[in-house]
Amino acid sequence: MSSQSFYNIAFKGLSQGEHIFEYEVDGKFFAEFGGGVVDEGNVNVRVTLEKQSALMILWFDLEGTVNVQCDRCLEMYDQPIKGSERIFVKFGDKEYVDGDDVIWVSNNDYQLNVAQLIYEFISLAIPIKRIHPDDENGNSTCDKEMLEKLEKYIVKEDEAKSSVWNDLKKLLDNE
Ligand SMILES: [Zn+2]
């Protein structure tokens, strides 16, 4: 069901008041709309649209998991995410900047595609620091083998750096 038109909300024909749209986004969604940060995931998105005479308010409530790379062991894991965002939709042909949470649609438009907004709000809900969550005993669930390999590599890199530094120091000392 993941296609561009599936995320179109035809607002023109809606009555004033609240309307709810539910989406379940998965890998197909991320493949189609994602910018490469997330390729896999499963997120339930509820869009509550409040139509008023002069504008619309859209609330996005999302909850689920996204598959991201762990900063510590570099393996992929499912990061739980949760978020709520709100935007205002105003009508008019003037497209001047009116804050981050306002989007303008033309008076001739009859539908709004929310796919890109959903993707942006999912991205915003992902923590900056991405690390495997601890298990119920408080132990790290990072890939231990990978961590050991990384540790060796990092130590080697440090040694390489210090040898470059020593060479430079020798050179300077001889001047
Ligand atoms: Zn990890």
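For segment 131-161, what are the residues that are of a type in the set (Ser, Thr, Tyr) and surrounded by 11 or more Cβ atoms within 10 Å (Cβ to Cβ)?
Answer for segment 131-161, where residues must be of a type in the set (Ser, Thr, Tyr) and surrounded by 11 or more Cβ atoms within 10 Å (Cβ to Cβ): Ser140, Thr141.
Go through segment 66-175 and tell me which strands (runs of 3 or more DSSP E), entirely inside it, have 3 or more residues that are at pLDDT 90 or above, within 18 Å of the chain's Cα centre (by Cα) and under 30 Å from Ala31 (Cα atoms).
76-91
Under 6 Å by Cβ, and 6 or more places apart or on different chains, what pairs join a residue from segment 138-152 that is in contact (Cβ under 8 Å) with a residue 60 or more places away in the chain with one that is more than 11 Å from the ligand (Cβ to nearest atom) and not in a helix (DSSP H, G or I)?
Thr141/Asp135
The values are calculated or read from the model by the stated rules, or taken from the named source; none is laboratory data. Worth saying up front: this structure is predicted, and the values here are computed from it rather than measured. Note: ideal-geometry Cβ built from the backbone for every residue, glycine included; neighbour counts use all protein chains shown.
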